[in-house]
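The values are calculated or read from the model by the stated rules, or taken from the named source; none is laboratory data. Since the structure is predicted, the reported quantities are computational estimates derived from the model, not experimental observations. Every residue, glycine among them, receives a Cβ derived from its backbone with ideal geometry; neighbour counts consider all protein chains shown.
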Amino acid sequence: MSPEAVNPYELHQEPVLDNPVLVVALEGWVDAGLGAAAAINTLLEQSRSELVATFNGPRYIDQRARRPVAHIVDGITTSLGWPRTELRCGQDRHGSDMLFLVGPEPDFYWQEFVDAVVELVVHLGVRMVVGLGAFPARAPHTRPVKLAATAPPSSSELVSLVGVVQGEFEVPAGVVSALEMGFDQAGISAVSLWARVPHYVSGMPFPEAGAALIDGLVKLTGVAFDSMGLYGAGDNTRHEIDQLVSRSVDHQAMVRELEESVDEAEGNALGLEEVPSGDEIAAELERFLRDEPS
């Protein structure tokens, strides 16, 4: 290694895994309703995950954008918790091996980060990579959350198992897109699942989105995780939204219009081919990103 070279990660253990699935859920990119956050927190809790590798925080993370957390006791700063991206391992409810890439999305050196992740993934024998995310969509909270998928060319068959937003459009990319392309070049199947969160509640926690993402992961990969806790929390959230909507005639009319649009797409199980269009999704996503705090 040259004097200028920097270690992209520190390896804490080298687990022996049997064809694990890697789940990617990084903070800092679009996550309407905190759907991906709810899903990955549930997966980590159920899998009792352990640390495998820590990525080089000072190199990849802008610490002014993601500041360390100071622990203060009676005026004494006892420690600092530095933001870091981690690779963790665990098992599903049936004992199948899992890996999780979690923590903040890198701010710098994306290609170097992608190369490092791909190197680890190949070394650990990952059979499939599934990214988790959620975006604001023209969907009512009174209907089940639908999923859409994105994937690199060699994994197009996985997209067809989930469904897509039809059409050609461009949106700002997260590092998950760069990771998808890196996995593609390494010959590893990769797909990202995106929960469609009603745009009018995308700024508040919407647990049903997390439940839908877990269900999609289970269906796509055959791993075993329980989403019932998130569905229970989602019932409470839906009740709260019902109460808020009932106070406004305009909001009631909006929800009815969205219900009619989704119901008219009954022939499409995912309700994605006509409502919303690609341009509408792109516009809604851009509005959501503009409203997100920096």
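A Cβ distance below 7 Å, combined with a sequence gap of six or more or placement on separate chains, defines the contacts here; from the stretch 133-155, residues that are free of Cβ contacts under 8 Å to residues at least 40 places away in the same chain reach residues that are of a type outside the set (A, V, I, L, M) and part of a strand (DSSP E or B) in the pairs Ser155/Ser189. At least 2 residues being crowded, with 19+ Cβ neighbours inside 10 Å, touching a residue at least 24 places away in the same chain (Cβ under 8 Å) and in contact with a Leu (Cβ under 9 Å, 6 or more places away or on another chain) is the threshold, and among the strands (runs of 3 or more DSSP E) wholly inside the stretch 3-78 those reaching it are 21-27, 50-55.
Restricted to the stretch 92-186, the set of helices (runs of 4 or more DSSP H) holding at least 1 residues that are within 14 Å of the chain's Cα centre (by Cα) comprises 175-185.
When Glu119, Glu86 are checked against the criterion of being over 18 Å from Asp215 (Cα atoms), of a type in the set (Asp, Glu) and touching a residue at least 12 places away in the same chain (Cβ under 8 Å), Glu86 stands alone in meeting it. When residues in the stretch 54-65 are screened for being among the small types (Gly, Ala, Ser) and over 12 Å from Gly103 (Cα atoms), 1 of them pass. May I ask you to verify whether Arg138 is out of contact with any strand residue (DSSP E or B) (no Cβ under 6 Å at 6 or more places or on another chain), at pLDDT below 95 and basic (Lys, Arg)? In short, yes. Evaluate the following for Leu179: is it farther than 20 Å from Glu45 by Cα and modelled with pLDDT of 95 or more? In short, yes.
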